[in-house]
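See below for the structure under consideration.
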Amino acid sequence: MADAYCSDCKRHTEVVFDHSAGDTVCSECGLVLEAHSIDETSEWRTFANESGDNDPVRVGGPSNPLLTDGGLSTVISKPNGASGDFLSSSLGRWQNRGSNPDRSLILAFKTIATMSDRLGLVATIKDRANEIYKKVEDQKSIRGRNQDAILAACLYIACRQEDKPRTVKEICSVANGATKKEIGRAKEYIVKQLEVEMGQSMEMGTIHAGDFLRRFCSHLGMTNQAVKAAQEAVQKSEELDIRRSPISVAAAVIYMITQLSDDKKLLRDISLATGVAEGTIRNSYKDLYPYASRLIPNWFAKEEDLRNLCSP
């Protein structure tokens, strides 16, 4: 139920939607506020474990400007119960003759969509990754290269450009077997190719420790107060001359904050959640330790509490 203004009651009242008639009715006086409204929701409810290959939807997806035909081509599917000689039939031959020139692009876009879903990325990042791959693919220069590494690198660059960066380890975890080294090489290659095409340097966006902090804290199940204190500490750390990677700084700040909270975390757990080696976290913590009084908010820990921090 929702609220709407009723002209008879002269005030906002709760309204009821009659989906069968398309009417919006006031729940107090029964006045029909709106008649024959259009239902813009989907016409079917389908469930992956029940529908099988019988998708009852009568409309396709939106057009895709990155494809030659806009993604609106017709595909002749194999009829239900048909034998294996479908491809030798007339329909099968026509399907093969009119093969989609964008087949490789469609497969690449599906792979990028799968990786994006596994990482929980928004649609804008997926679309940006598709655009980057289309530009590189148009140059016909990626043949013979590791396709999974190329797609993962496109997704990594898209995350950077949309100011939602992911670590290479996070991208590697969904890259279908591509290694960090392969993804790194593919990223450098793509950037070089796009810079040649544009004739200028490619903007990748700046990485900050705060970009990763909330996600790392969520993986560790930290309390809201601890997360807020870690965010303030990371912001103050940018004013210092700490020559460490943003990911290492974020991990070290989390290690420092959890020592001062009631819910302490092991260094091993922080390493697993952040993807940063334990030795790297210790070295970054060693650089941050002298500035603990400046980094830790006063409302979270007093001066005497800071003495409980482990000495590096």
From zero up to wherever the largest Cα-Cα distance of segment 104-198 sits, split into 5 Å bins and tell me the percent of pairs in each.
2, 15, 30, 28, 19, 6, 0
Nearest 20 debye, what's the magnitude of the dipole of segment 209-308 about its Cα centre given +1 on Lys and Arg Cβ and -1 on Asp and Glu Cβ?
180
Gain on full stretching of the segment that runs from ALA113 to GLN235 - 0.36 nm per residue minus C-alpha separation:
40.6 nm
Honestly segment 171-234 on the Cα gyration tensor test (a ≥ b ≥ c root eigenvalues; a/c under 1.5 rounded, otherwise a/b vs b/c for prolate or oblate) is just oblate
Can you give me the Cα centroid spacing of segment 102-155 and segment 207-232 in angstrom?
30
Heavy-atom surface of segment 104-198, accessible at 1.4 Å and reported per residue (Å²)
50
Roll a 1.4 angstrom probe over the protein heavy atoms and tell me the percent of accessible area of segment 104-198 that is carbon or sulfur.
47
With every protein chain kept in place and ligands, DNA and RNA left out, what is the accessible area per residue of segment 211-312? Probe 1.4 Å, answer in Å².
54
How large is the accessible surface of ASP8 in square angstrom, using a 1.4 angstrom probe and rounding to the nearest 10?
100
Ordering LEU151, LEU272, LEU266, LEU240 from largest to smallest accessible area (1.4 angstrom probe), what's the sequence?
LEU272, LEU266, LEU240, LEU151
What length, rounded to one decimal in nm, is gained on full extension from SER7 through to LEU309, with 0.36 nm per residue of separation minus their alpha-carbon distance?
102.1 nm
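The values are calculated or read from the model by the stated rules, or taken from the named source; none is laboratory data. Since this is a predicted model, take the numbers as computed values, not measurements. Cβ coordinates were reconstructed from backbone atoms using ideal geometry, including for glycine residues, and neighbour counts include every protein chain displayed. Surface accessibility is based on the protein's heavy atoms, side chains included, excluding ligands, DNA and RNA. Shrake-Rupley method; radii C 1.70, N 1.55, O 1.52, S 1.80 Å.
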